[in-house]
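The values are calculated or read from the model by the stated rules, or taken from the named source; none is laboratory data. Here the structure is a predicted model, which is why all the values come from computation and not from measurement. Every residue, glycine as well, gets a Cβ built from its backbone with ideal geometry; the counts of neighbours run over all protein chains shown. For accessibility, only protein heavy atoms count, side chains too; no ligands or nucleic acids. Shrake-Rupley method; radii C 1.70, N 1.55, O 1.52, S 1.80 Å.
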Amino acid sequence: MLTVDIPEDGQLLDLLAHRHPASVTIAIGSSPKPTDHERVRIALRDAIDEAAERLAQTDIPKDEQKAVISHLRAALDDDAFWEHQSQSILLLAAPDRREAFRLPFDVEDRVTIGSRFALRALLRAPHHHHCAFVLQLSKRKARLTELLADGRLVEHPLVLPDDIELTFAHAENAGQADRDRARGSDGDQSERERYCKIVQDEVVRIVPRGTPLILATSEDLSAAYRSRSTHDPLLDAAIPAHPDSLDDNRLVEEACTILEERKKAATETWKEHFGELRSQGLATSRVSEVAAAAAAAAISELRFDVAADVPGKIDEFGRVVADSDDSALVEDVVAHVLQSGGQVRAVRREELTDGGPFAAVLRFAVPTPA
């Protein structure tokens, strides 16, 4: 698995509530390959230098500027942090704090300075589900690979018995042994299930629960493996090719197609449910109504456009009002929803309804403030 730092809701709320004029956010691409780490450190050092130059142009006290840059540079010497990297780094610093996150997707390289941290990428992290495992299974092959967010494959060796191939061997002693192996199509079923049980026990040891597992099995083993599998979710869709014939390029292509189709189906089901709830007054995508519902702790589920940039904040009456230049309504709404125990999911604009930045499922209907 790629190294990922996912904040708990309490930590995320603390970051969302943070305010200080010398708050610096650095987003930069990284790499899980150790050979790339020196290149990434150099890029991060350049970004820190940029932050220092921009801070120097402000009226922020020099001692606060120095503290921020000191926190940022400390990340360069954090060997434990650099031992395992992911696709991107999000580095946050203010005079009294530093936070570093490794994220499993690409980000736009950017240095941001304002009164709050730029946390949009961090809000995306908990629901980034582009990772899956693929099991290629035949009588001659049992191979487990992990599909990473960047499309690379990482093989996870399965520790199987040395004599596992004997599972399918029939006795050749004309029935004189104490126990002959089963023969024929009915008898072979028990051998197939025994073989699949051995493999699946090793698979569930490796694959984290909740991570999609995709099968590429020979026709004779598909039903047997599914009957023995205890992994959730084992996807119904399978790669339509014999596992022994798959090269890695096709494996990635077929797996990505299955994951994308699965995501599309889930999104369409959610949209239908959202429409039904909206007709009952229990869902909305209007910005003013979402803000009012967030302020009233009425949102049970919020989905928002990860790329949306909406200025403003929610006032004490639940209205959207103008604020400072670095105000961010999306983050304000997210904070309200998390504080009230609601669920939050960052998605692409096309996965929402009506082309707006929000889609909220409500616990109860809330009137929009005048």
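Things to note:
- FRET efficiency, 1/(1 + (r/R0)^6) with R0 41 Å, evaluated for residue 139 and residue 9 via beta carbons: 0.30
- Residue 160-residue 83 pseudo-label distance in nm [points 7 Å out on the Cα-to-Cβ vector]: 3.3
- Listed options for Cα extents along the principal axes in Å are (1) 92, 56, 31; (2) 73, 70, 44; (3) 64, 41, 34. The value calculated from this structure is the one marked (1).
- Histogrammed with a bin width of 5 Å, the alpha carbon distances of segment 272-370 distribute as 2, 15, 27, 28, 19, 7, 1, 0 percent, first bin at zero.
- Cα long-axis angle, helix 37-56 against the chain (0 to 90 degrees, to the nearest 10): 10
- Using a Förster distance of 45 Å, the FRET efficiency for residue 205-residue 350 (Cβ separation, nearest 0.05): 0.75
- Inter-label distance for residue 46 and residue 276, nm, one decimal - labels placed 7 Å from Cα along Cα-to-Cβ: 5.3
- Extension gain, residue 106 to residue 241: 0.36 nm times the residue separation minus the Cα-Cα distance gives 45.5 nm.
- Residue 97-residue 188 FRET efficiency (beta carbon distance; Förster radius 51 Å; 0.05 resolution): 0.20
- Segment 300-315 - phi-based ³J(HN,Hα) in whole Hz, Karplus 6.51/-1.76/1.60, Gly and Pro as x: 8, 9, 10, 10, 9, 6, 4, 9, 6, 10, 10, x, x, 8, 9, 8
- A simple spin-label model places the labels of residue 253 and residue 56 5.2 nm from each other, with each point 7 Å out along Cα-to-Cβ.
- Ranked by the mean number of other Cβ atoms within 10 Å of their residues, highest first, the peptides 310-316, 297-303 come out as 297-303, 310-316.
- Cα long-axis angle, helix 329-339 against the chain (0 to 90 degrees, to the nearest 10): 70
- 3J(HN,Hα) along segment 92-97: 10, 8, 9, x, 10, 6 Hz, from the Karplus curve 6.51 cos²θ - 1.76 cosθ + 1.60 with θ = phi - 60°, whole Hz, x for Gly and Pro.
- Segment 291-370 - percent of accessible surface contributed by carbon and sulfur, probe 1.4 Å: 50
- Measuring between alpha carbons in the structure, the pairs from 33/139; 62/313; 33/263 lying more than 32 angstrom apart are 33/139.
- Where segment 92-144 is the region considered: accessible area per residue in Å², 1.4 Å probe: 40
- Across segment 247-255, coupling constants 3J(HN,Hα) worked out from phi with the 6.51/-1.76/1.60 Karplus curve, θ = phi - 60°, read 8, 5, 4, 6, 4, 5, 4, 5, 5 Hz, and Gly and Pro carry x.
- Distant-in-sequence amide H partners of residue 283 (H built 1.01 Å from N, under 5 Å): 278, 362
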